[in-house]
Amino acid sequence: MTTSWSGRVSVAEVKVGTEDSRAIRFSPMDPGRAKELLARERDLVERELASLLGEGSEEGDERVEPGDRDSEALYQDEFDAGRAQDLKERLAAVERAEERLASGTYGLSIKSGEPIPDERLEAQPTAELTVEES
């Protein structure tokens, strides 16, 4: 049996009689690096969410009535609510990625099982699909 390495995928060639068979094994991103990337993403999202939620609602401000002329408070509150929802979804994605890391499937597409390149994981640590699948 011979084994060759190409990036994160190793190919083991086994000769069986006159037939060749290949077993492809995934070599995941370094778990320490993955953990670091996910911790950084979690910290960023949690700080943004805390900052957003700490600002409070402008519509509830006693000085501003919801129907006041030229008031953008209602718009801002709705915008902030949308941003908060996006941040909560990002936090859920971090949690799913941490679960995949713990189970040993981090770096594999949840759709096809194909390896997700390290470059993609560096840019988007919570990536669940390869670029071609997304």
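The values are calculated or read from the model by the stated rules, or taken from the named source; none is laboratory data. None of these values were measured; they are calculated from a predicted model. Ideal geometry is used to build each Cβ from the backbone, glycine not excepted, and the neighbour counts take in all protein chains shown.
Just one of (1) farther than 23 Å from Glu114 by Cβ; (2) modelled with pLDDT under 60; (3) of a type in the set (Lys, Arg) trips up Arg22, so point out which.
(1)
From the set of residues in the range 106-127 that are in contact with a strand residue (DSSP E or B) (Cβ under 9 Å, 6 or more places away or on another chain) and either assigned to a helix (DSSP H, G or I) or on the phi < 0 side of the Ramachandran plot (or both), which is surrounded by the fewest Cβ atoms within 10 Å (Cβ to Cβ)?
Taking the range 106-127 first, the residues in contact with a strand residue (DSSP E or B) (Cβ under 9 Å, 6 or more places away or on another chain) are 107-109, 113-116.
Imposing the further condition that a residue be either assigned to a helix (DSSP H, G or I) or on the phi < 0 side of the Ramachandran plot (or both) reduces the set to 108-109, 114-116.
Working: Leu108: 17, Ser109: 17, Glu114: 14, Pro115: 20, Ile116: 22.
Step by step, filter the range 106-127, then rank; the result is Glu114.
For the range 99-129, name all the residues that are without any contact (Cβ under 8 Å) to a residue 40 or more places away in the chain and among the hydrophobic types (A, V, I, L, M, F, W, C).
Result: Ala102, Ile110, Ile116, Ala123, Ala127, Leu129.
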